[in-house]
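Beneath this line is the structure, given in structure tokens, with notes to follow.
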Amino acid sequence: MEIFLKLVEKNGLIVGFLVVGMIVAFSELFSKKVLNSKIPGSAIAIFLGLVLGYIGGVFTGGEKGLSDIAIFKGVGTLGGSMFRDFAIVATAIGASFYLVRKAGLLGMISLFFGIGIFFFMGVVLAYVWGYRDAASLCTIGAGACTYIVGPVTGAAVGASSEVIALSIAAGVVKTIAVTIITPIAANKIGLDSPESAMAFGGLMGTSSGVAAGLAATDPKLVPYGAVTATFYTGLGCLICPSLFFILLEMVF
């Protein structure tokens, strides 16, 4: 057992691929055999991943979920920001430039609407929590856009570490919600074309949540949603610490 544990620790990334592969295989089998494919296997895999992450966090008392357990530390590397961003950017290779250009105006409008709506919702939430200063309101509002924009904004406007942590939490909750709800609501909202995927990515914004949700809906839509979702993050990091912060300072 000692030799086995040392082997696992030295090959953490390979073990991470193995664990994820087993979860995906089980989820696909469960979806087909038990649920008659009514719920996509990828959606089940995402849910199981969240459950295992929670169990790992409770079991170890750590902050990185399942990867806090030594033999599963490779899962943390596989699910880290580097692999995540690489996967999101790589999906753009499968996008049709003609369709992206065709939906360009729609994607741009959805970007500004998405950032504005979620920022406003985050500010309202922060206000309800009792925050009244512009820096805190702006940081939590930015976190409601995405968990990446939140800390970038917080560092720029001088928010406290507590507020930055809350902004990240707000963004993570949004990501999880988008991931789970997207395949369930796709048919009802007409999420079935590259144009609608680009609009959806611009409105929702969370790159990982949009990519995972669209993968559970239709893998062919992932590149289009990822294109606008990636721009959403960059645009949010530009206007939240500057334009929105100035507006909130004027009001508060």
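Within segment 180-201, the only residue that satisfies the criterion of being at pLDDT 85 or above, under 13 Å from the mean Cα position of the chain (by Cα) and open to solvent by 30 Å² or more (accessible area, probe 1.4 Å) is ILE181. In segment 202-226, of all residues being free of Cβ contacts under 8 Å to residues at least 40 places away in the same chain and buried (at least 23 other Cβ atoms within 10 Å of the Cβ), the one that is farthest from VAL149 (Cα to Cα) corresponds to LEU221.
Of the residues making up segment 114-128, those that are without any contact (Cβ under 8 Å) to a residue 12 or more places away in the chain and open to solvent by less than 80 Å² (accessible area, probe 1.4 Å) number 2.
Of all residues assigned to segment 4-14, none qualifies as being among the aliphatic types (A, V, I, L, M), within 24 Å of the chain's Cα centre (by Cα), more than 23 Å from ALA186 (Cα to Cα) and open to solvent by less than 60 Å² (accessible area, probe 1.4 Å).
Screening ALA169, ALA155, ALA177 for residues that are over 16 Å from the mean Cα position of the chain (by Cα), surrounded by fewer than 21 Cβ atoms within 10 Å (Cβ to Cβ) and in a helix (DSSP H, G or I) leaves exactly one candidate, ALA155. Applying the set (1) closer than 20 Å to ALA199 by Cα; (2) out of contact with any Leu (no Cβ under 9 Å at 6 or more places or on another chain) to LEU125 leaves exactly one unmet item: (1). Residue check: LEU137 meets all listed conditions (1) surrounded by fewer than 24 Cβ atoms within 10 Å (Cβ to Cβ); (2) more than 18 Å from LEU235 (Cβ to Cβ); (3) at pLDDT 85 or above; (4) of a type outside the set (S, T, N, Q) but one, namely (1). Pairs under 6 Å by beta carbon, first residue closer than 22 Å to PHE112 by Cα and in contact (Cβ under 8 Å) with a residue 12 or more places away in the chain in segment 183-198, partner open to solvent by 30 Å² or more (accessible area, probe 1.4 Å) and aliphatic (A, V, I, L, M), six or more apart or different chains? Here the result reads PRO194/LEU99, each pair linking segment 183-198 to a residue that is open to solvent by 30 Å² or more (accessible area, probe 1.4 Å) and aliphatic (A, V, I, L, M).
Just so you know, in segment 27-44 the residues that are at pLDDT 75 or above and assigned to a loop (DSSP other than H, G, I, E, B) include one that is most open to solvent (accessible area, probe 1.4 Å), and it is ASN36.
Every listed requirement among (1) buried (at least 20 other Cβ atoms within 10 Å of the Cβ); (2) over 30 Å from ARG132 (Cα atoms) is met by TYR232 save one, (2). Applying the criterion of being touching a residue at least 40 places away in the same chain (Cβ under 8 Å) and open to solvent by 10 Å² or more (accessible area, probe 1.4 Å) to the residues of segment 140-152, the residue that is farthest from ALA169 (Cα to Cα) is VAL152. Filtered by the rule that a residue be among the hydrophobic types (A, V, I, L, M, F, W, C) and under 13 Å from THR182 (Cα atoms), segment 200-227 gives PHE200, LEU203, MET204, VAL210, ALA211, ALA212, LEU214, ALA215, ALA216, LEU221, VAL222.
The values are calculated or read from the model by the stated rules, or taken from the named source; none is laboratory data. Every value quoted in this text rests on a predicted model; they were computed, and no experiment measured them. Cβ coordinates were reconstructed from backbone atoms using ideal geometry, including for glycine residues, and neighbour counts include every protein chain displayed. SASA here: full protein model, heavy atoms, side chains in, ligands and nucleic acids out. Shrake-Rupley method; radii C 1.70, N 1.55, O 1.52, S 1.80 Å.
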